[in-house]
There are 4 protein chains.
Amino acid sequence: MKDVQNSYDDRKIPIQKAGIKDLQYPVVVLDRQNKSQSTIASVSMYVDLPHNFKGTHMSRFVEVLNVHRGRISVEEIEDILLTMQDRFECETAHFDIRFPYFMEKEAPVSREKSLMNYSCALLASLKKDDGRQVFDRVLEVGVPVTMLCPCSKEISEAGAHNQRSVITVRVRTNDLVWFEELIEIAEGEASAPVFSLIKRVDEKYLTEAAYNNPLFAEDVVRAVATRLRADQRVCWYQVESENEESIHNHNAYAMVEEKKTNDE
Amino acid sequence: MKDVQNSYDDRKIPIQKAGIKDLQYPVVVLDRQNKSQSTIASVSMYVDLPHNFKGTHMSRFVEVLNVHRGRISVEEIEDILLTMQDRFECETAHFDIRFPYFMEKEAPVSREKSLMNYSCALLASLKKDDGRQVFDRVLEVGVPVTMLCPCSKEISEAGAHNQRSVITVRVRTNDLVWFEELIEIAEGEASAPVFSLIKRVDEKYLTEAAYNNPLFAEDVVRAVATRLRADQRVCWYQVESENEESIHNHNAYAMVEEKKTNDE
Amino acid sequence: MKDVQNSYDDRKIPIQKAGIKDLQYPVVVLDRQNKSQSTIASVSMYVDLPHNFKGTHMSRFVEVLNVHRGRISVEEIEDILLTMQDRFECETAHFDIRFPYFMEKEAPVSREKSLMNYSCALLASLKKDDGRQVFDRVLEVGVPVTMLCPCSKEISEAGAHNQRSVITVRVRTNDLVWFEELIEIAEGEASAPVFSLIKRVDEKYLTEAAYNNPLFAEDVVRAVATRLRADQRVCWYQVESENEESIHNHNAYAMVEEKKTNDE
Amino acid sequence: MKDVQNSYDDRKIPIQKAGIKDLQYPVVVLDRQNKSQSTIASVSMYVDLPHNFKGTHMSRFVEVLNVHRGRISVEEIEDILLTMQDRFECETAHFDIRFPYFMEKEAPVSREKSLMNYSCALLASLKKDDGRQVFDRVLEVGVPVTMLCPCSKEISEAGAHNQRSVITVRVRTNDLVWFEELIEIAEGEASAPVFSLIKRVDEKYLTEAAYNNPLFAEDVVRAVATRLRADQRVCWYQVESENEESIHNHNAYAMVEEKKTNDE
């Protein structure tokens, strides 16, 4: 059979990314507490395509993924990217994976345990640059929290509007950082953390905690940024907070991003 | 050209719905305040298919819609359904349309005006039944509101968790009911309404109003149901409240439905 | 602390469903081939609420779920529903669960193995009715397939438009039916099945298979219905096909539903 | 009332973006054929916040939008951004707007007219940089098309798999470019355009046209890029194609991006 993808292309346009997007795939990811956990990922894999080749062989992406079936870790991902460079004879390989991730949390007073879900991602690439390999990796966590408005509290006789918010933290690091650490930073800097199971004593505690810790979206991204700025392992960070305002049908948003000057 | 759809089918299986789904289409809907407003709808149109016909002519749905291009109202929809019965030689025609709908609202204290968006729908069908035509029509509104938790308020020294919620009201009526009326009922029975533009005096007012009107999801669906039960024009209603809990990453939900006994 | 939810309500409006919606939770479901598989579910749990009670204790739903942590099967679900009736002192309990489900499939010619994902759900309820318990359970599978248009093939000199479609099958049964069986019926009646990994020999095979098996959305729902009508274990079925038309930006849709007369 | 947002913040962390996200708002956009069309937009507006200010006044964004109520055009957007800089005393203002956009198209043979919907966006910012104002604006169109696989056609005896794809084109320009122009480029370079209404003669024409014009995702992004590279008005472009593969449940993807060297 003719290999159409291997045909010559004369348009002189290199393609930065060609590949597969949003393949659903079961994975096992490293877990600080239980060593590993099973989850379901949405996987995207891309390679660059030199200007003289017509197309990419899409089946090879899934073959590479199948070889590594089972475990996704930082080490595995570098290996996957190397295999992609090799199989596709390309300069740059991209591997993006996004999955729900669970932590067992204890309610603050009753100590009832339950599973809390977070939205995590690993966005990685490997690029040949003048003979050396440049590996890039972004860890991302999406952390649901409670945010209580300082303005509403200040001006009102009683109460204050509050809402579910999602804090998204993305980091590049020069050393191991667990998803759990980023999650704990985000939860620790919000008005209050959220849980999937709380009893009345916890609800009292969390209501009062949030009321005593009013924060704007701007405050929480600064507080998380302050923590990441002080962390020597973190070279770059981006922090977003999106508050699903209980007094509006649109969201309040704040974002701060910093590339540390020592990151060279 | 051969008309494949008109072929004979011998499997003896009538099809309840065949048609098109989620066509995006600009429409003009009736508006209590301004007579009409332009919006963008997602339209689905189906007919039943007798067991002996192979397929439906999908292009005819869009032709019917094009003829009525411009206005969508209760009268238009009955006419669209009649045209569908005629063009498709069918017993039952379905026309479902879903669109964002806007009302100009005044903030409660500052009187600042702004546009508030709601998610509205009309779900209609016309069925030949023993020689007579049975028209069925459901009006639906999705209304974002503030809901404040009575339990959290009762047990906490200060504050109370609250959140954005969506109240969905569906009704069958024997007389004209405006979307605006259903929206106002839902907003009136929630802990507080939401606005797209409020000033500090309004934020104080709304924070205190919600704090003074704590309601469970169960309370608000009962309150809305009480209003609809008393409305002679309403033959059937379904009321849902989905609270995007600020203390959880999952939602609290309540639903009540009633078909009035006089609806025969 | 005061139990606000237990307060008396005098509005005389019973609530059909009160509970939690869209809780993310890891589950283990039965698997015909491997006994079990780990996946991530979206869980909703509701109970009815008599007219004289103000509210439901939302934390109890998650407690019930935690007790059964680990396994979700038909037997487990009945047990969960019984526990819900007991804990909430209610008449009716609902348990709805939706999750991605994977099967290992072999490509038709190369025999390459890969994992294919399907969207599955179990929608169950248990209701006390005049002293006896009525258990209701719907199995649902969403199966992506290839559909090729008979009209386009018939009238064109070469080629035929085809597209990804999703066939949704829902059944009530009086005996064990595996998700895998419903998936295989849907894949077997489409123009062709889809795979996550195929080689060129498979692509040739599947392209020709689809071209030789042109079907309307109406055809495939009838074909699946014919199979389910003949299956003695199935009491009720609903079959939908939604074709993501490659020649339109809207979808073609067909639905057939039948409650068998022996289902009394 | 105390102006909490105006408080001093001592954390020395400037915020790149603070504002509102996903506000639904009716807009009127310029239309090449009919001068203007009404549609519904999702609007996000952000400003930067110096390190010494605690928060942003969220209501001012909606006030700015309300003043410009009615028309959204390139000129209006620069004006909105200037007003934002002024009202918020900020260096950088962002205005992002996303909306369905319609064009009336004629079917290729029958000449039947119908409305086709596209997903359009304008992403704009204005930044004070050493005393001068830097205006940046990206136009984006999402264009549904038919794509037919060259490999499948080459290796199969008859037929070829094809699917709905979305081509996304983003450009920065130094002169007026209409959304309609970008849409026409994308439709012209795909295997075939799609329509909301076609008759059998058109279906024959489009089926054969696609079969005679097989293209990979990689081909179509190169073809569109070639057109944009030759257009003197375009300084930068990014072209994506995402094919909703009819033989897979995941998508094929290609992306090419170029900043022209004359763009200084």
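Select from the range C:43-60 the residues that are of a type outside the set (A, V, I, L, M) and at the interface with chain A (Cβ under 10 Å from one of its Cβ atoms) and write down the one among them that is most open to solvent (accessible area, probe 1.4 Å).
At the first step, the residues of the range C:43-60 found to be of a type outside the set (A, V, I, L, M) are C:44, C:46, C:48, C:50-57, C:59-60.
So of that shortlist, the ones also at the interface with chain A (Cβ under 10 Å from one of its Cβ atoms) come out as C:57, C:59-60.
On the way: C:His57: 24, C:Ser59: 25, C:Arg60: 61 Å².
Across the range C:43-60, the extreme among qualifying residues is C:Arg60.
Residue-level analysis places D:Gln37 among those that are part of a strand (DSSP E or B) and not aliphatic (A, V, I, L, M). Screening D:Asp31 with (1) open to solvent by 40 Å² or more (accessible area, probe 1.4 Å); (2) at pLDDT below 95; (3) among the acidic types (Asp, Glu) gives one miss only, at (1). Just one of the listed residues (A:Glu75, A:Glu63) is acidic (Asp, Glu) and either within 14 Å of chain C (Cβ to nearest Cβ) or surrounded by 15 or more Cβ atoms within 10 Å (Cβ to Cβ) (or both), namely A:Glu63.
Please tell me if A:Glu240 is in contact with a strand residue (DSSP E or B) (Cβ under 7 Å, 6 or more places away or on another chain) and open to solvent by 20 Å² or more (accessible area, probe 1.4 Å). So A:Glu240 passes the test.
Apart from one condition, B:Phe102 fits all of (1) of a type outside the set (Val, Ile, Thr); (2) crowded, with 16+ Cβ neighbours inside 10 Å; (3) touching a Gly at 6+ places or on another chain (Cβ under 9 Å); the exception is (3).
Yes or no: the range D:106-124 includes at least one residue that is touching a residue at least 24 places away in the same chain (Cβ under 8 Å), acidic (Asp, Glu) and touching a Ser or Thr at 6+ places or on another chain (Cβ under 7 Å). Scanning the range D:106-124, I find no residue that is touching a residue at least 24 places away in the same chain (Cβ under 8 Å), acidic (Asp, Glu) and touching a Ser or Thr at 6+ places or on another chain (Cβ under 7 Å), so the answer is no.
Selection of the range D:1-21 for residues being farther than 26 Å from B:Lys105 by Cβ, facing another protein chain (nearest Cβ under 7 Å) and in a strand (DSSP E or B) yields D:Ile15, D:Gln16, D:Lys17.
With respect to B:Arg132, determine if the residue is among the charged types (D, E, K, R) and without any contact (Cβ under 8 Å) to a residue 12 or more places away in the chain.
Details: among the charged types (D, E, K, R): yes; without any contact (Cβ under 8 Å) to a residue 12 or more places away in the chain: yes.
Against the criterion (among the charged types (D, E, K, R) and without any contact (Cβ under 8 Å) to a residue 12 or more places away in the chain), B:Arg132 qualifies.
Could you list, in sequence order, the residues of the range D:228-237 that are in a helix (DSSP H, G or I) and crowded, with 20+ Cβ neighbours inside 10 Å? Full working, then the answer.
The initial filter retains those residues of the range D:228-237 that are in a helix (DSSP H, G or I), namely D:228-229.
Once the filter is applied, which keeps residues that are in a helix (DSSP H, G or I) and crowded, with 20+ Cβ neighbours inside 10 Å, the range D:228-237 yields only D:Leu228.
Screening B:Met255 with (1) assigned to a strand (DSSP E or B); (2) open to solvent by 20 Å² or more (accessible area, probe 1.4 Å); (3) touching a helix residue (DSSP H, G or I) at 6+ places or on another chain (Cβ under 7 Å) gives one miss only, at (2).
Listed residues C:Glu180, C:Glu189; which is in contact (Cβ under 8 Å) with a residue 40 or more places away in the chain and under 27 Å from C:Arg111 (Cα atoms)? Let's see the steps before the verdict.
Numbers: C:Glu189 fails: in contact (Cβ under 8 Å) with a residue 40 or more places away in the chain.
Of C:Glu180, C:Glu189, the one residue that is in contact (Cβ under 8 Å) with a residue 40 or more places away in the chain and under 27 Å from C:Arg111 (Cα atoms) is C:Glu180.
Would you mind finding the one in D:Gln37, D:Gln24 that is crowded, with 17+ Cβ neighbours inside 10 Å, touching a Pro at 6+ places or on another chain (Cβ under 8 Å) and more than 7 Å from every other protein chain (Cβ to nearest Cβ)? Just a single option satisfies the conditions, and that option is D:Gln37.
Listed by first and then second residue, the pairs linking a residue in the range D:48-61 that is among the charged types (D, E, K, R) to a residue that is at pLDDT 90 or above, with Cβ atoms under 6 Å apart and 6 or more places separating them unless they lie on different chains, are D:Asp48/D:Gln16; D:Asp48/D:Cys90; D:Asp48/D:Glu91; D:Asp48/D:Thr92; D:Arg60/D:Arg87.
The values are calculated or read from the model by the stated rules, or taken from the named source; none is laboratory data. Fair warning: this is a prediction, and the values are worked out from it, not measured in the lab. Cβ sites come from the backbone with ideal geometry, for glycine too, and all protein chains shown count toward neighbours. Heavy atoms of the whole protein, side chains included, go into the accessibility calculation; ligands, DNA and RNA do not. Shrake-Rupley method; radii C 1.70, N 1.55, O 1.52, S 1.80 Å.
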